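All remarks here apply to the structure that follows.
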Amino acid sequence: MNKLTRTLVIINGIIIPIFIGFIIYNLLDKSGNEYVEPESIVVGDELEKAKSDSLALQGITYEAPEAIYNSTNFYLPVSVMTYEEARDLRKLASSAGDINLSISNYYNVVFLNKDYKVIGQLLDRKGSISEILINRGRFSYNDEIVDETVKHIAYLIGFIDTNGDGKLNPDDKHDLYISDLNGQNLTRVTSKSDIVGYDFINSNTEIFVRFKEGNSVREEYKKVKFGVYNIASGTFNELLDIEKKLAEIESSLIQ
């Protein structure tokens, strides 16, 4: 073998493995970073078209009932997924290994008693439930002591396809709601606001809410505001003095 041939063999032996490795890396990287759309509820024109074509676009998924703190009841969150989304998630799961196929968007919640008998459901119409919070109260560090002031469950719920994409999911506007521990007396806490965060306070008698106004102002210019919702009276008080002080502090930036 002459010198030129040996040189070509050595170069090919280096370049070809690098090339193959590059292809494998890109394939793995693509599967690992593939966007997964939130579980969605088909509504509007897309649903009507499917019904007229006798197509089944969506179905429900669910896991096991979960115990409710300070109660003998259980709750069973029910998710909904279009069959197209289910197909895409199965494809992703087969390439990425063990992943959770639930993207935290629920269609409804079924409530059960201690004997797993159905005692009701949360919603009586289509809705997207993007978050469920059952507070564990003051004694979360001690499972032997139960905080009996915990009497409510909080949810983020949206009923309207606010972005007009034909689906109800976390991309739409969601308001804050609460119910009793058995799912009854569902009550809206906020209206047409973008919820940033919320916490039960004052022995679970009130909810501290951080939110942004749901207006047409560009997202980067929206201010985070604060309010306290009193559960007994059903009143929401915006903490205007905090907002005023924060505005004063911000104004010093241009002085």
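Readers should treat all values here as calculations from the given coordinates under stated rules, not as data from a laboratory. Small disclaimer: the values here were computed from a predicted structure and weren't measured. Cβ: placed from backbone, ideal geometry, glycine included. Neighbour counts: every protein chain shown.
Some notes on this structure:
- Gly164 falls short on exactly one of the conditions (1) within 24 Å of Glu66 (Cα to Cα); (2) in contact with a helix residue (DSSP H, G or I) (Cβ under 9 Å, 6 or more places away or on another chain); (3) not acidic (Asp, Glu), and that condition is (1).
- Residue-level analysis places Leu156 among those that are in a strand (DSSP E or B) and either in contact with a Ser or Thr (Cβ under 8 Å, 6 or more places away or on another chain) or crowded, with 17+ Cβ neighbours inside 10 Å (or both).
- So Tyr177, is it outside any loop (DSSP other than H, G, I, E, B) and either of a type in the set (Ser, Thr, Tyr) or surrounded by 19 or more Cβ atoms within 10 Å (Cβ to Cβ) (or both): yes
- Residues that are among the β-branched types (Val, Ile, Thr) and surrounded by fewer than 15 Cβ atoms within 10 Å (Cβ to Cβ) within the stretch 130-145 comprise just one, Ile145.
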